[in-house]
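*Asks:* If you scroll down you'll find the structure; I have some questions about it.
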Amino acid sequence: MSLTTQWDDGEHSGTGKGRVPTCSNSQPSMVFSMLDALNVEADSCVLEVGTGTGWNAALLSERVGSVNVVTVEVDAQNASAARRRLGTVGYTPTAVVGDGAEGWKPSAPYDRVLITASLREIPRAIVDQTRPGGIIVSPYATEYGGEGVVRLTVREDGSASGPFVGSSAFMRLRQQRTQRKHVREYMGGKPWPADGKRSTTGLSPDDVGDWLPMFAIGLQTTGVFPWAEQYEDGSYTLWLRDTDVTSWATVDYVPGAAEFEVYQAGPRNLWDEVRAAYHWWSSQGRPGFDRFGLTVTPDGKHYAWLDAPEHPVPTVEHTA
């Protein structure tokens, strides 16, 4: 079980919950599985992005010595508290307050990089500061949802590539957070269904709502994200919106139904795109996280693949 240690970027205080958790101690099994994927050797120089409570920095310092560990934390309050904890137990890694997406160039190059916040893009600076043959382990999330831990190996040409090693659910790196527009912004002030075009579908919204299919859908789609509006009787409306605030769709889930009502509006038919992505994943045998991988090219572009880099995951074309 994870333990939340900060809410609302430190603006919330007291014993109750805030609105959004912004720092936590990850569950031990996740911590140890990511460290296992990192494969730290005794003389490795390690960069950690996201100090948090300092737990990972302590484990890394025990393994390779504090002199070989750099840990970067954007939140000054968290960084100060972590530094005190680390010092109390005798660890003195280089602890930096700064933007983790920029890494820490003064101590580069690194043999290993551990990122403890969810990313939509692997920062170019992180790849550049990792020596060829070095390993980057990071949670990687899609815009649509779903997230997995990826293990990238950096190459001589400045690219990085590797497989996903399991699922994850981390807080987003602050520099890669997004602000969502309310659904009303998509309908121009008109009540639902506004100018949406009605159709029906045999694919249940429940089928596209689990973490793994969300991940697979997100690898294929661009700029589309879901939100579920729940009702007391167990039904719900799946809302789909695009990040350009041009298109939306709704799919109404009713328990036990065989068909579901769909409305779509805008230049993109978002439900059609999500449905196509789901059917591709299903046609491939519903692969798990461990069959997917990610490549970051020398110019910073990202593409996902299935089983091998030579088999890129297709991108669903925008439908209208």
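*Asks:* For Arg63, Arg112, what's the fewest-to-most ordering of other Cβ within 10 Å of each Cβ? If you can, show how the numbers build up before the last one.
*Replies:* On the way: Arg63 16, Arg112 24.
Ascending number of Cβ neighbours within 10 Å: Arg63, Arg112.
*Asks:* Between beta-carbons, use under 11 Å as the cut-off and find the net charge around Ala37, counting Lys and Arg +1, Asp and Glu -1. Don't jump to the answer; show the numbers that get you there.
*Replies:* Numbers: positive: Arg112, Arg151; negative: Asp36.
Residues near Ala37 contribute +1 overall.
*Asks:* Assign unit charges at the C-beta atoms only (+1 for Lys and Arg, -1 for Asp and Glu), then state the dipole size of the chain relative to its Cα centre in Debye, rounded to the nearest 20.
*Replies:* Details: 28 positive and 39 negative charges, 126 e Å.
For this selection, approximately 600 debye.
*Asks:* Along the charge dipole of the chain, Cβ charges K/R +1 and D/E -1, which of His279, Asn78, Gly162 sits furthest on the positive end?
*Replies:* About the Cα centre, the residue reaching furthest to the positive side is Asn78.
*Asks:* Now, a different point. Note the angle between two axes, namely the Cα long axis of helix 28-38 and the longest principal axis of the Cα atoms of the chain, as a number of degrees from 0 to 90, rounded to the nearest 10.
*Replies:* Value to nearest ten degrees: 70.
*Asks:* Let me know the number of lysine pairs in the chain closer than 30 Å at the Cα, not counting same-chain pairs under 8 apart. Working shown, then result.
*Replies:* On the way: Lys17/Lys181; Lys105/Lys301; Lys181/Lys190; Lys181/Lys197; Lys181/Lys301.
For the chain, qualifying lysine pairs total 5.
*Asks:* Calculate how steeply helix 76-88 sits against the longest principal axis of the alpha-carbon atoms of the chain, using the helix alpha-carbon long axis, and give the answer as 0 to 90 degrees to the nearest 10.
*Replies:* Once rounded, the angle reads 40 degrees.
*Asks:* Here is a further query. For a protection proxy built on the mean count of beta-carbon atoms within 10 angstrom, sort 275-287, 140-152, 228-240 highest first, please. Working shown, then result.
*Replies:* On the way: 275-287: 15.7, 140-152: 22.8, 228-240: 14.1.
Sorting 275-287, 140-152, 228-240 by mean packing, highest first, produces 140-152, 275-287, 228-240.
*Asks:* Report, in whole Å, the centroid distance computed from the Cα atoms of the stretch 137-166 and the stretch 255-278.
*Replies:* Rounded to whole Å, the Cα centres lie 29 Å apart.
*Asks:* GNM, the chain, Cα, under 10 Å: largest mean-square fluctuation among Ala81, Ala257, Ala194?
*Replies:* Of Ala81, Ala257, Ala194, the Gaussian network model singles out Ala257 as fluctuating most.
The numbers here are math on the coordinates, done by the rules we state, and not lab data. Predicted, not measured: the structure shown is a model, and the values here were computed from it. For neighbour counting, all protein chains shown are included, and Cβ atoms are generated from backbone atoms with ideal geometry for every residue, glycine included.
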